[in-house]
Amino acid sequence: MRHWSNLSYLIQHKWFVFQAMREIGGSIWLALTHDLSKFRPSEWISYANRFYAEDGSKHREKSPAFDRAWKEHQNRNPHHWQHWILFTDNKEIKALEIPRKYVYEMVADWMGTGRVKTGKRDCCEWYEKNKDNMTLHPETRKLVEEIIKGVR
């Protein structure tokens, strides 16, 4: 059941991201290919185990396997801001500017996730609560906020 629950969530999330991308003017191709890596066994199994019990009910099981899957997901998917963080040899953390098409996909991802979890597509409140935890290039942050402002 946990795998059916994961599949149900993922299909719903992808649909809502597709709708959000159409609404905000993002790439239809990116909307169609959004989060396809979550179907890979290296991500699928860890996500299913992390978010669903064997009976399919929701739960949160933390594990090093999920941490690895989440990191792989970020590395495979440039719509995650973490994908654009550079750790220098001097232990410096630099935010690289994210290309526009991926900024749109990132915001659509937030909108799609919010809609699945709360029924609301609005990500403004979530962004306000979480923006200080994101390391974003100033130009990227500016574009994110312009897109979010246009959604209101």
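The values are calculated or read from the model by the stated rules, or taken from the named source; none is laboratory data. The model shown is predicted, which means the values in this text are computed figures rather than measured ones. Methodologically, a virtual Cβ is constructed for each residue, glycine included, from the backbone with ideal geometry; neighbour enumeration extends over all protein chains shown. The protein model used for the area step is the full one, side chains on, heavy atoms only, and it has no ligands, DNA or RNA in it. Shrake-Rupley method; radii C 1.70, N 1.55, O 1.52, S 1.80 Å.
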Excluding ligands, DNA and RNA, the carbon-plus-sulfur percentage of the accessible area of the range 1-127 with a 1.4 Å probe reads 55 percent
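Kirkwood Rh over alpha-carbon pairs of the chain, then Stokes-Einstein at 10 °C and 1.306 mPa s: what D in µm² s⁻¹, rounded to an integer?
The calculation lands on 98 µm²/s.
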How far apart, in nm, are the 7 Å Cα→Cβ label points at ASP55 and LYS117? 2.4 nm
Regression test value, accessible area per residue of the chain, probe 1.4 Å, units Å², expected 60 Å²
Would you list the membrane-span-like helices of the chain, meaning whole DSSP H runs whose alpha-carbon atoms span at least 24 Å along their axis and whose mean Kyte-Doolittle value is at least 0.0? none
So for R0 = 35 Å, FRET eff. of LEU96-LEU7 from the Cβ-Cβ r, to 0.05, ends up at 0.55
Length gained if GLU139 through ILE85 is fully extended, taking 0.36 nm per residue and subtracting the Cα-Cα distance, is 18.0 nm
